[in-house]
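> Take this structure, written in structure tokens, and hold onto it; I'll ask about it next.
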Amino acid sequence: MSPTPSGLEAILLAMADPIVWDQEPHTAAKHRVLRSYLDGWIPVMAQQTLKAHAYRTSPGRLLLVDGFAGPGCYTHGEPGSPLLMLDALLSHAARSRFDTVEFLYLFIEHDTGRVARLRKEIDALGTLPANVKVRIEHGEFESTFGALLDRITDHGRTFIPTFAFIDPFGYSTSSMSLTGRLLAFPRCEVLIFVPLSYVHRFVGRDGQDAALTSLFGCEDWRDAISLQGDERRAFLLSLFERQLAANPTVEHVRSFQLRTPDGNDYRLVFGVGHDRGLDLAKDAMWKVDPVAGTFYAARTETGQEVLFSPSVDTGALLSALRARFGANLFTTAEAERYTRIETPFRVEHLRRKTLLPAEKAGHLEIHRAYGTRGLDGARLRFPSR
């Protein structure tokens, strides 16, 4: 048995960090989606804020929240979500255009060790720009952020435009009611990590009722108890999406699947308030899954992640358009709206990758306005089979 350390040795051991924070296999993909979304969200919202405050003396402000911030850095040096959220602004090519917008970052973490490490990582960034403010709160997301919302509503104020990344450790520490309180304010959006496999596994088990009711904001999850396998999983995801979409400022909900080598099924769920937000969410998903924009499988080969081939098959989009419009005439604008809202494809996949190749192959008739060559103003029809 080793002797009990004393003196300087004891002090050094006390200062040493015995905690190991390893990334889970799906974390890198999760962070890519987060970072890609913020790369688009920050300039869009900053520009809107500049317009809204053009004739005011007070600066416009944006809030970015990480509800389960973690240590800021993992064992092998991978940056955590707080550093990614900050870097999305600090390294943005257009940042100088937004010097008059205040960017407020709120990082909440319940573990004292992680808080200490996160403070160290933030300090290592050096002096931040004057318009960038970082606040690290030691506490539980529910109580800490809930108290902030209480102070805002008690004073009859509205929330500034906010993006919240809600990535809990498990599913019992994040409630639909708290998310709904945030989304009751305009221009607030969320990205939520849902450990669907664990929710699926614990439905119906003793002691889980309160946590599941809090997660979904209702007791309809009980209808999943009699279901099995993929049917139960699909029901629970659909219920979560419906509950999120029920918030008055949420226009679109989109989910992205993350699968791990051990077979666990996790989801990233966006709740956004406008079409542009939906486009940004899809852009983020397609950067991680350039084949279908809906799915990422965490696999490794010699320690490196294996990504999909970047070839996009838009045959499914063409089939969906045919099913939607049949032999009826429709416009390019209608096709774009359908693609954006009803399919996982990006609008950018429609014209050059779907419509024009379909016309060339004789699968689509395009009736262009006289003297035009493009698709603007054109009328389209699938020929009768």
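Please treat every number below as a calculation from the coordinates, not as lab data. Bear in mind that the values here come from a model prediction, so they are computed numbers and not experimental data. Neighbour counts are summed over all protein chains in view; Cβ atoms, including those assigned to glycine, are modelled from backbone coordinates with ideal geometry.
> Rounded, prolate or oblate for the range 47-161? Axes are the square roots of the Cα gyration tensor eigenvalues, ordered a ≥ b ≥ c, and the cut-off for rounded is a/c under 1.5.
Oblate, since a/c reaches 1.5 and b/c is not below a/b.
> A further question on this structure: Given (1) 22.0; (2) 27.3; (3) 23.3 as candidate values of Kirkwood radius over Cα pairs in Å, which corresponds to the one derived from the coordinates?
This structure yields the entry labelled (3).
> Name the most mobile residue of Leu268, Leu375, Leu89, meaning the one with the largest mean-square fluctuation, in a Gaussian network model of the chain with Cα contacts below 10 Å.
Among Leu268, Leu375, Leu89, the largest GNM mean-square fluctuation belongs to Leu375.
> Multiply the residue separation of Arg242 and Thr75 by 0.36 nm, subtract the distance between their alpha-carbon atoms, and state the gained length in nm to one decimal.
56.4 nm
> Which net charge results when you count Lys and Arg as +1 and Asp and Glu as -1 among the other residues whose beta-carbon is under 13 Å from that of Gly146?
Once all neighbours under 13 Å are counted, the net charge is -3.
> In addition: Any chance you could check the Cα centroid distance between the range 124-169 and the range 249-288 for me, in angstrom?
22 Å
> For the chain, with a Gaussian network of springs between Cα atoms less than 10 Å apart, report the residue from Gly72, Gly374, Gly277 with the top mean-square fluctuation.
Looking only at Gly72, Gly374, Gly277, the largest GNM fluctuation is found for Gly374.
> Around His252, what is the net charge, scoring Lys/Arg as +1 and Asp/Glu as -1 over all other residues with Cβ under 12 Å from its Cβ?
Its environment carries a net charge of -2.
> Once you put a point 7 Å from the Cα of Arg324 and another 7 Å from the Cα of Asp209, both along the Cβ direction, what distance in nm separates them?
Rounded to a tenth, the inter-label distance reads 4.4 nm.
> Over the range 27-305, what is the percentage of antiparallel beta bridges among all DSSP beta bridges, to the nearest 5?
DSSP beta bridges in the range 27-305 are roughly 40 percent antiparallel.
> Counting alpha carbon pairs within less than 8 Å and at least 6 residues apart, what relative contact order, in whole percent, applies to the range 315-381?
About 39 percent, as a whole number.
> Efficiency by 1/(1 + (r/R0)^6): what FRET value for Thr331 and Asp220, r their Cβ-Cβ distance, R0 = 51 Å, to the nearest 0.05?
0.85
> Find the relative contact order for the chain and round it to a whole percent, using C-alpha pairs within less than 8 Å whose residues are 6+ positions apart.
Result for the chain is 13 percent.
> Calculate the FRET efficiency for Arg373 and Arg151 from the Cβ-Cβ distance with a Förster distance of 45 Å, rounded to the nearest 0.05.
The computed FRET efficiency comes out at 0.20.
> Of the candidates Val291, Val269, Val253, which one comes out as most mobile in a Gaussian network treatment of the chain with C-alpha springs shorter than 10 Å?
Comparing Val291, Val269, Val253 in the GNM, the peak value goes to Val291.
> In this model, which of Lys282/Lys360; Lys51/Lys282; Lys51/Lys120; Lys30/Lys133; Lys51/Lys133 are farther than 32 Å apart at the alpha-carbon?
Beyond 32 Å: Lys51/Lys120.
> As a test of understanding, state the convex hull volume per residue of the range 315-381 from its alpha carbons, in Å³.
Here the figure is 76 Å³ per residue.
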